[in-house]
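Data first, discussion second: the structure below is written as structure tokens.
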Amino acid sequence: MDEFLVKLQKLKSGIFSRMKLLFLLDMIAIFSIFYSIFIIINMEYFLNKTTFYIPFPISFIPPVLALLFGAGIAFLLHRKDRKINLYILIEKKFSELKEKLRTAYDNRDESNIILDALKSEVSGGLDKVSSEQILTTGNLISRLVITIIFLSGTVIIAQNPDTRIPVQTIEDLGNTLTGNGNNDIQEEPGDPEEFGKAGGIETKPKIASIEGKNIDLTIFPGYEQGYELKDVSQTQNQFIKSAAFPVDILGSNVSDGGYSLLMKKTETEKQLINKYAVERSKI
Amino acid sequence: MSNETYTSSNRIFKELFDEIGKVIVGQREAVEQILIAIMCNSHALVESNPGLAKTLTISTVSKALDLKFSRIQCTPDLMPSDITGTYIIEDIGGKKQFRFEAGPVFANIVLADEINRASPKTQSAMLEAMQEKQVTVGNKTYPLDKPFFVLATQNPIEMEGTYPLPEAQLDRFLLKILMDYPTREDENEIVNRYTKNIIPSVDKVISKSEVLDLQKLTRDVPIAEDIKSRAINIVIATRAKNENIEYGASPRASIGIILAAKARALIKGRNYVSEEDIDAMAYPVLRHRVILTFESERKGMTTDQVVADILKSVK
């Protein structure tokens, strides 16, 4: 094997080792993020509430799930690592090897004076190249620091119960989001006898007593045309002013107390009051 | 092939250019392309206006390379035998015998001046010699000396009474070299050199065997796969649907670009073909192989412009 190929192989394995390390660090960082989220949202509590049969301790699920997420996302992020054209990468960093390295590599199985000279030139050029220069140590260290920060955050979250969102808040939020909240509240039907009396309005009765009859006030969802709110025309049920009608105060809905007081008046007084009411109605 | 030729190739080409430069002012690109065609063991077609030192350039190159040079001035009445040679009757010891008198094609470097003025029959004889590197007269075949290089010239003006070379025959020329008018400074230098009593002359730089060695070395110059792909893609792009191109280049153009790029790399002192070599050689290789549409020609478009567009678009 040509000398430059041996050096290239060594360089390749060095670069791939660094890439593997980067993959590992990314996986740990992503694991930390997901595990922290699972702790914060009390995943274990909710898993305990499920009715499914889980054959292993529930406390294992959040870290295992976080690890799976970490591995999956890190794999997606690094999926192109193996396909990286190392020769182009080296040529970009070391312009003196530009086009020479690929030419020597593509013609590695051939031999002639010119090619041998090129291979030896490339071999000399590769002496100056190291995997540290392609994937810098600085890059690795920064990635390591990020991972340590995330891991530390996870440890703090795991040891401090105050960081967790209260279960009730999550449940409420879940109910609001899923729209299950209204269905879950079981309202007691109001006392029909109390309807219409002072304070009775808070009872939100479903059955009202009108003229001695119990009327079901439940509004059922409609069907076909016109039952949907959107189908109701804005102008459909407008009030229309009716024509003036002679007022008969005695026949009108006067309160019980007012009615008995009116009945005690003389006929003249009654007529005068009625006339007054008629005149007032015309204003 | 001697290792020495390779190690000294940089010096050889530098000295060659310096020596030719003593006689030829400017025209560096044209001289370089002539040398490329010689290194590729192929032929070149030169198109230029009269008086641009075509004959002087090629004769200077032949002197510097220590090669036998001959010139054929093509005219409509030029016969194939005027090029290839013919049998003459000779009296040897009272006995009359046929003796083959070799024509001007039996040289290392042949300048076929104004090849488009020769009749198609004579052009064919010339092009056959170029292709086969041998001449058949009567029943006998005579191989031509190596290296064998033909530089044919065409005059872009005065096209009356000419027989333009058919596309199939143009394809046999590796390069079409354009020689342009010199710059003002160069013209000033030309006037200075050629208005004195001492006419500049050129010395031999390399031997015939070294030329042959360099021809072999040219084919050994390695090329990367992606660069080779680019050359092929360029040629294929000329055959793809293009509003400016009537007919594209043949696969011979792909061979031509890669071979010429190898020679250029060697001349430039590189031991590998660069993308720059491919791009530079695409013009002279495709110039006479790509046929433009009538509409493009009417607009005054040149093949070089079309090639430039292709180079931009091809990866």
Exercise. Peptides B:112-124, A:136-148: what's the order by average Cβ count within 10 Å, highest mean first?
Worked result: B:112-124, A:136-148
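With respect to the cross-link table entries B:Lys121/B:Lys299; A:Lys93/B:Lys216; A:Lys10/B:Lys315; B:Lys68/B:Lys133, which display a Cα-Cα separation exceeding 24 Å?
Values: B:Lys121/B:Lys299 34 Å; A:Lys93/B:Lys216 34 Å; A:Lys10/B:Lys315 31 Å; B:Lys68/B:Lys133 15 Å.
Checking Cα-Cα distances, B:Lys121/B:Lys299; A:Lys93/B:Lys216; A:Lys10/B:Lys315 exceed 24 Å.
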Exercise. Taking B:Lys241 as the anchor, which aspartates and glutamates have their alpha carbon closer than 14 Å to its alpha carbon, excluding any fewer than eight residues away along the same chain?
Worked result: B:Asp309
Seminar exercise, completed: So, relative contact order of the stretch B:81-238 in percent, Cα under 8 Å, 6 or more apart, is 18 percent
For this session: Quantify how strongly other chains surround peptide A:109-120 by giving the mean number of their Cβ atoms within 10 Å of each of its Cβ atoms.
Result: 5
Exercise. Aspartates and glutamates near B:Lys22 by alpha-carbon distance under 13 Å, same-chain residues fewer than 8 away left out - which ones?
Worked result: B:Asp186, B:Glu189, B:Asp203
For this session: Hey, can you grab everything whose amide H is under 5 Å from the amide H of B:Leu144? Only 5+ residues off in sequence or another chain; H modelled, so Pro and N-termini drop out.
Result: B:Gln134, B:Val135
For this session: Enter the mean number of other protein chain beta carbons within 10 Å of the beta carbon of each residue in B:215-227, as an integer.
Result: 5
For this session: Treating cross-link reach as a plain straight distance, find the lysines whose alpha-carbon is under 19 Å from the alpha-carbon of A:Lys264, omitting any fewer than eight places away in the same chain.
Result: A:Lys275
For this session: Enter the Cα centre distance for the pair the stretch A:99-158 and the stretch B:173-216, rounded to the nearest angstrom.
Result: 47 Å
For this session: Report the Stokes-Einstein translational diffusion coefficient (µm² s⁻¹, integer) for chain B, Rh taken as the Kirkwood radius over Cα pairs, at 25 °C with viscosity 0.890 mPa s.
Result: 118 µm²/s
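Values in this text are rule-based calculations from the coordinates and carry no lab data. Note that the coordinates shown come from a computational prediction; the quantities given were computed from them, not determined experimentally. Reconstructed Cβ throughout: ideal geometry from the backbone, glycine too, with neighbour counts over all protein chains shown.
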